[in-house]
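So the structure is just underneath, and the comments pick up after that.
The values are calculated or read from the model by the stated rules, or taken from the named source; none is laboratory data. From a predicted model like this one, the values you see are computed outputs, not experimental measurements. Methodologically, a virtual Cβ is constructed for each residue, glycine included, from the backbone with ideal geometry; neighbour enumeration extends over all protein chains shown.
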Amino acid sequence: MKAVLIDEFGAPEVMKIGTVDKPQPKGNEVLIKVVATSINRPDLVQRMGNYPPPPGDSEILGLEVAGTIAETGSDVKGWKVGDRVMALVGGGGYAEYAVAYENHLMTIPESMSFEEAACVNESYITAFLNVFMIGGLEDGQTAILHGGGGGVNTAAIQLAKALTPNAKLIVTAHPNKLQRVKELGVDLVIDFTQTPDFTETIKEYTGKRGVDLILDHVGAKYLKPNMNSLAYKGKLVIIGVISGIKAELNLALMMVKRQQIIGSVLRSRPVAEKGEIIAEFTRRALPKFADRSIVPIIEKVFPLEDVVKAHKMMEEDTHFGKIVLKIADS
């Protein structure tokens, strides 16, 4: 089969289109003929040699796929050849075929295209897990979602608007993305280039109360303003550390305010645990995609042969929403 291969780690140019053996599904897996996948920031980190796949997963890049089932393992129940599915995978998405565990599949709603479905499993499930299952966002609460315009950020905004329509959303974003973030219905957008320490802005907006939840991928640089912006019993969920891994923390203040700092990753979780997360997402969030309350935001669809251009777009951070790779015609 055709796939994106890497002989050495480095810049986008290390990726080449080549041929490898088609994977074979195990008893509880299915083989998916991939129509589309998407680019996620962890793909770039893996390409640079800093994010190896979990043991047993494909070393080919790609964490989510959309396509049709081509073959089922001997123990698979409830799925059949030809089913339109989207899946979370530990690796292998940048290829004509990929394997996925049966409990990591979701049926693609009839209203969704394969390109839209290719956007769901990594960004939207990451957002759902951390904003709702871990962060516990409820109607009437206030949240800060960092990284306006990115895949996880736009997913978190859309999910919050659909599932907790009375929650107040504050987003930090680059000035080039402020207007598009506002158009998603966000209550307050902060230009992080002008307000790197957003503490006073949050205090003023919330009447000194602070926010209930912060979803952060920045890490060390934002730890102090994040903690200063959290309300009593507030939660800071950290899903990335692009600014560094070490920062000072006022433990006494955290204790007095009974705040929580929670670290979270998705890829390395056990198979069964991922299955439980996907089942809850299927139950609670997938209907919002089926009725088009949520429509994935796609910046551009690249053919597989343009994977280098797709990665460069992600690195330049000029995109809004998701970048999709088209593997085959539907």
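Within region 105-116, if we keep just the residues that are buried (at least 23 other Cβ atoms within 10 Å of the Cβ) and in contact with an Asp or Glu (Cβ under 9 Å, 6 or more places away or on another chain), the residue that is farthest from L184 (Cα to Cα) turns out to be L105. Quick check: anything in region 239-249 touching an Asp or Glu at 6+ places or on another chain (Cβ under 8 Å), in the same structural domain as G151 (by TED's automatic domain parsing) and surrounded by 14 or more Cβ atoms within 10 Å (Cβ to Cβ)? Among the residues of region 239-249, at least one is touching an Asp or Glu at 6+ places or on another chain (Cβ under 8 Å), in the same structural domain as G151 (by TED's automatic domain parsing) and surrounded by 14 or more Cβ atoms within 10 Å (Cβ to Cβ), which makes the answer yes. Residues that are in contact with a helix residue (DSSP H, G or I) (Cβ under 7 Å, 6 or more places away or on another chain) and closer than 19 Å to P42 by Cβ number at least 3 in the following helices (runs of 4 or more DSSP H) confined to region 211-329: 271-284, 307-316. Counting only strands (runs of 3 or more DSSP E) wholly contained in region 1-116, the ones carrying 2 or more residues that are of a type in the set (A, V, I, L, M) and under 30 Å from I239 (Cα atoms) occupy 2-6, 29-39, 64-72, 84-88, 97-101, 105-107. Hey, any hits in region 96-106 for a residue that's at pLDDT below 95 and over 20 Å from the mean Cα position of the chain (by Cα)? For region 96-106, residues at pLDDT below 95 and over 20 Å from the mean Cα position of the chain (by Cα): absent.
I'd like the full set of residues that are within 18 Å of A279 (Cβ to Cβ) and touching a helix residue (DSSP H, G or I) at 6+ places or on another chain (Cβ under 9 Å), limited to region 76-89.
V76, K77, G78, W79, V85, M86, A87, L88, V89
In the set (1) under 16 Å from the mean Cα position of the chain (by Cα); (2) buried (at least 19 other Cβ atoms within 10 Å of the Cβ), the condition left unmet by Y51 is number (2). Checked against (1) touching a residue at least 24 places away in the same chain (Cβ under 8 Å); (2) touching a His at 6+ places or on another chain (Cβ under 8 Å), Q158 passes all but a single condition, namely (2). Quick check on region 270-297: of everything there that is within 16 Å of A160 (Cα to Cα) and in contact with a strand residue (DSSP E or B) (Cβ under 7 Å, 6 or more places away or on another chain), which residue is surrounded by the most Cβ atoms within 10 Å (Cβ to Cβ)? Taking the candidates together, the pick is P296.
Here is a yes/no grid of residues against (1) assigned by TED's automatic domain parsing to the domain that holds I190; (2) modelled with pLDDT under 95; (3) of a type outside the set (S, T, Y):
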residue: G219; (1), (2), (3): yes, yes, yes
residue: L230; (1), (2), (3): yes, no, yes
residue: K235; (1), (2), (3): yes, no, yes
residue: A272; (1), (2), (3): no, no, yes
residue: I277; (1), (2), (3): no, no, yes
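Taken as a whole, the condition of being in contact with a Gly (Cβ under 9 Å, 6 or more places away or on another chain), over 22 Å from P287 (Cα atoms) and in contact (Cβ under 8 Å) with a residue 60 or more places away in the chain does not apply to P12.
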